[in-house]
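Below: one structure, written as structure tokens.
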Amino acid sequence: MNAIEIKGLVKEYKGFKLNSVDLTLPGGCVLGLIGENGAGKSTLIKCLLGIIHKNSGSIRILGRDADTELADIKEDVGVVLDDVGIPDAFKFKHINEVMKNTFRNWDEKSFEEYMDKFSLPKDKRFKEFSRGMKMKMGIAIALSHKAKLLVLDEATNGLDPVVRDEVTDIFYEFTRDEEHSILISSHIVSDLEKLCDYISFIHKGNVLLNEEKDVLLEGYAIAHCTEAEMAELDPEAVRGKKVSKYGAQVLVRRDAVPDGMNLSPVTIEELFIFMIKDVG
Amino acid sequence: MKGLLKKDWLHIRTSFIAMLPYFLFMIFMSAVSSYSRGKIAFIAVPGMAMFQSILPVVLMMDDVRTGYIRTAMTLPVSRREMVAEKYLLTLINSAVSGALFAAVTCAAALLGNNSAAQPLAGGILIAASCAISAAIIMPVVYIVSTEKIKLIFILAYVIFGGLYGAAGGVAAAFGYDLENMVISVGTSAVILAAALLLAAVSCLISQRIFKKRDI
């Protein structure tokens, strides 16, 4: 079963359009949504969660129709948005009390363990938390009700590299269960590269690419050549280029370039930058 | 729904406890009046109702300010439940305020060997007024953009205050004494029933409005 199936999703604002997005997250996998600021990542996630209304398209989450069953579906979905909103005066015990009365499967013990794991103070008010602590609190809540799907919108923002790494490991651990899936958006591509099975590039409201990470890394490479050599390449093989006075770097499909060409492996970040520049 | 109510209750306890002394002061003053005269000053009714109906609106404003409204949208609750919870909170608040007011002032009236009818009618009217104020304000709060809630909120209370003042002026001009006005328990109960009906209609309207809004 697919964890998320989005078909023909359209959301139009003044000056921005999420343009007929198709996206599938297979069950048990991690899909990374990569895009620059304003590309439409958060809009897509907000549509998915019903925070904003879509203009058209269909969304299925965990095999169920989001238009009719969204509230119930959310029992199985853990969400961390880019800004965690909790009343200022709330402490650990208040948040625990609210969530206990909200989620059928709320696990107090697990919540307390995450509080300890993230070194979050139990006697401090939420307004006294730093941004990093607030994000960690959001992650602790999302992980404490036995969710099958995590939806993370820039959830590692504001965390220092050490904690980001720790949190990435926790997400990785989460996906060891075959039923668990993650949709994660970020512009910190290195986090996604570590974690994701599938990568989706979103640019100006369009999905440029939706592919398995390993297929991307194996299928593409960077060719280092002169401008003349670049001109001879099959246009079908070229997905992006950077030209400087020292030569050219070309993002190419490995299977479409001549043997013996000077190729180096590509990272997801490079792949993204090349493609964005190519599309303009 | 239970989680939303729990959140608002804890929110009131942790952030709005400062409202309690005003509420208790109004009850105390009315209790003194009931003890000595068997009547309550009817100015206490709109005074307390306006104050009590602030509560759900203030909570909604705070949900927007802290971003909790977006958090709530990620929880397993529907938009209909989110709106219904605020109305339920209003009704609980109205009932508790009215009951507390009636209990204390009736006891005071009986202690002073006076009739408890007027204090009881006052308690019922407080509950009714809370429900009416909220029924009028809340759809407006759901219609306007979240940034403008504060402005609408202030405007609503200026208008309510103005209307009450104007009503007092008109009543005085025609020789009615609002301070000594007598309203029967039966009339109060009818007003309460009408207020509850209005609140139910208002809730349906708010749910329709909120269903269509982007957060």
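Data overview
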{"read-out": "Scan of region A:75-132 for residues that are polar (S, T, N, Q) and within 26 Å of B:MET1 (Cβ to Cβ), ordered by number", "value": "A:ASN96, A:ASN101, A:THR102, A:ASN105, A:SER110"}
{"read-out": "The lone exception for B:THR14 - which of (1) within 11 Å of chain A (Cβ to nearest Cβ); (2) within 18 Å of the chain's Cα centre (by Cα); (3) not aliphatic (A, V, I, L, M) it fails", "value": "(2)"}
{"read-out": "Matching residues, region B:98-142, being closer than 14 Å to B:ILE40 by Cβ and of a type outside the set (A, V, I, L, M)", "value": "B:GLY98, B:PHE101, B:THR105, B:CYS106, B:GLY112, B:ASN114, B:SER115, B:GLN118, B:PRO119, B:GLY122, B:GLY123, B:SER129"}
{"read-out": "Selected residue [in contact (Cβ under 8 Å) with a residue 40 or more places away in the chain and either assigned to a helix (DSSP H, G or I) or away from chain A (no Cβ under 14 Å) (or both)] from B:VAL96, B:VAL58, B:VAL77", "value": "B:VAL58"}
{"read-out": "Criterion violated by A:ASP88 - all others in (1) under 22 Å from B:LEU75 (Cβ atoms); (2) in a helix (DSSP H, G or I) satisfied", "value": "(2)"}
{"read-out": "Test: residue in region B:28-45 that is within 21 Å of B:TYR157 (Cβ to Cβ), facing chain A (nearest Cβ under 10 Å) and not small (Gly, Ala, Ser)", "value": "no"}
{"read-out": "Restricting region A:71-83 to residues that are surrounded by 21 or more Cβ atoms within 10 Å (Cβ to Cβ) and facing chain B (nearest Cβ under 7 Å), the residue that is modelled with the lowest pLDDT", "value": "A:LEU81"}
{"read-out": "Members of region A:91-120 that are away from chain B (no Cβ under 14 Å), free of Cβ contacts under 8 Å to residues at least 40 places away in the same chain and not in a helix (DSSP H, G or I)", "value": "A:ASP107, A:SER119, A:LEU120"}
{"read-out": "Residue selected from region A:25-70 under the condition modelled with pLDDT of 90 or more, in contact with a helix residue (DSSP H, G or I) (Cβ under 8 Å, 6 or more places away or on another chain) and in a loop (DSSP other than H, G, I, E, B), by the criterion nearest to A:ARG131 (Cα to Cα)", "value": "A:ILE51"}
{"read-out": "So A:ASN2, is it under 26 Å from A:THR168 (Cα atoms) and either within 14 Å of chain B (Cβ to nearest Cβ) or in contact with a strand residue (DSSP E or B) (Cβ under 6 Å, 6 or more places away or on another chain) (or both)", "value": "yes"}
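The values are calculated or read from the model by the stated rules, or taken from the named source; none is laboratory data. Since the model is a prediction, treat every value here as computed from it, not as a measurement. Because the Cβ atoms are built from the backbone with ideal geometry, glycine has one as well, and the counts that use them run over all protein chains shown.
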